[in-house]
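**Q** A single structure is presented below for examination.
Rule-based calculations on the coordinates, nothing more; no lab input. Predicted, not measured: the structure shown is a model, and the values here were computed from it. Note: ideal-geometry Cβ built from the backbone for every residue, glycine included; neighbour counts use all protein chains shown.
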Amino acid sequence: MTPLESLALSRGTVDRVTYRRNDKQWLDAAWADPRTRVLVVSDGRALVRFDDDEHVELIFVSPAEAPAGVRFLLGQDADGVVYFGVSGDLPASPDGARAAPPDGARAVLLREVGVLLGDRDAGLLTHAVALANWHDTHTHCPLDGTPTVPDPGGHSTRCPVDGTEHFPRTDPAVIMLVTDPDDRCLLARNAAWPGRRVSILAGFVEPGESAEQAVIREVAEETQIKVTNVRYVGSQPWPMPRSLMLGFRAEAPAGQAIVVDREEIAEAHWFSRDELLSAIKAREIALPPPVSIARHIIELWFGGPLPSTWTEPQGPVPPRR
Ligand SMILES: [Zn+2]
């Protein structure tokens, strides 16, 4: 068991039934079954219905109502209901205006509703967004540029010319909470972030590098702090567009000065628990939202829930690449 539990996007209750992905007969029968539910994803958005401020459900369509687009198997639940995703246009209103989905429905991003969905829906949407993002951006063979053909289950593609098979991409990234000998935590403001936003350090794992090596390298690059005792604490998929966030703790031996690179990191400071709470209450800083693994790692160090979140209307955090 890892110390991090209840990560919003690391839930999911639907069996992926991976052995069905190339079973064309089973897939055809499932697609012909009116009980089958289809989740449509369009540019990272899916339709949801808000029951109240804190409870959101995905809106599915039947296979007959599904739009054209790449289809992929998401899984099968304990009641035998099969779930597919389709990357295509969101269901339109009866008059055909695409901007007007069914009554009470809203097209939302995973990051907006990840914590509000139940376990089943959080898992389905995370899975569907990840696969839709891959299909949307990996349409041709990387060897000869031929358009590829998805396999029946939609979890790989094949080049019809040279026969090469291609699989979904996931880019590992490390995200780490660094503490000093006084157990203060290092929080930084990314140069691309607006206003008061701060978080723990993060970065992509490079080819030929372990996750632990990436933690040490990224902290040194961004702050010139050398860390030791790197420990894994948990992970969360972050398919925006295709990351897997690997959470770590690390320790900074005494006697080191923070020197930020000023390109990626604008500023970084040590915070004791009291200093963090004071800075939040004084509205000097704001922490990442509960959908992020960063928030959970910070609260794990703090020892409980913290107030404040990024709710500024500036929009989502830009990608780090
Ligand atoms: Zn090819």
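**Q** Would you confirm, using the coordinates I've provided, whether residue 126 is surrounded by 11 or more Cβ atoms within 10 Å (Cβ to Cβ) and either among the aliphatic types (A, V, I, L, M) or within 24 Å of residue 82 (Cβ to Cβ) (or both)?
**A** Yes.
**Q** Considering 276, 246, 306, which residue is under 28 Å from residue 132 (Cα atoms) and not polar (S, T, N, Q)?
**A** 246
**Q** To continue, here is another question. Of the residues 123, 145, 163, which is among the small types (Gly, Ala, Ser), out of contact with any Leu (no Cβ under 6 Å at 6 or more places or on another chain) and over 30 Å from residue 19 (Cβ atoms)? Reasoning before the result, please.
**A** Working: 123 fails: over 30 Å from residue 19 (Cβ atoms); 163 fails: over 30 Å from residue 19 (Cβ atoms).
The match here is 145.
**Q** Then there is this: Would you confirm, using the coordinates I've provided, whether residue 11 is closer than 20 Å to residue 237 by Cα, outside any strand (DSSP E or B) and charged (D, E, K, R)?
**A** Spelling it out, residue 11 is indeed closer than 20 Å to residue 237 by Cα, outside any strand (DSSP E or B) and charged (D, E, K, R).
**Q** Hey, another quick one. Among residues belonging to the range 131-152 that are among the hydroxyl-bearing types (Ser, Thr, Tyr) and part of a loop (DSSP other than H, G, I, E, B), point out the one that is farthest from the ligand (Cβ to nearest atom).
**A** Step by step, filter the range 131-152, then rank; the result is 139.
**Q** Got a number for residues in the range 73-90 being of a type in the set (Gly, Ala, Ser) and surrounded by 15 or more Cβ atoms within 10 Å (Cβ to Cβ)?
**A** Initially, the range 73-90 is screened for residues of a type in the set (Gly, Ala, Ser), giving 75, 78, 80, 85, 87-88.
Next, from what is left, pick out any that are surrounded by 15 or more Cβ atoms within 10 Å (Cβ to Cβ): 75, 85, 87-88.
Total meeting the criteria: 4.
**Q** Is one or more of the residues making up the range 233-241 under 25 Å from the mean Cα position of the chain (by Cα) and either of a type in the set (Asp, Glu) or more than 30 Å from residue 41 (Cα to Cα) (or both)?
**A** yes
**Q** Which members of the range 257-284 meet the condition of being free of Cβ contacts under 8 Å to residues at least 40 places away in the same chain and assigned to a loop (DSSP other than H, G, I, E, B)?
**A** The answer is 257, 259, 282.
**Q** From the list 66, 32, which residue is touching a residue at least 12 places away in the same chain (Cβ under 8 Å) and surrounded by 19 or more Cβ atoms within 10 Å (Cβ to Cβ)?
**A** Result: 66 is the single residue among 66, 32 that is touching a residue at least 12 places away in the same chain (Cβ under 8 Å) and surrounded by 19 or more Cβ atoms within 10 Å (Cβ to Cβ).
**Q** Let me ask something additional. Could you run through the range 157-172 and say how many residues are within 16 Å of the ligand (Cβ to nearest atom) and surrounded by fewer than 17 Cβ atoms within 10 Å (Cβ to Cβ)?
**A** The total comes to 8.
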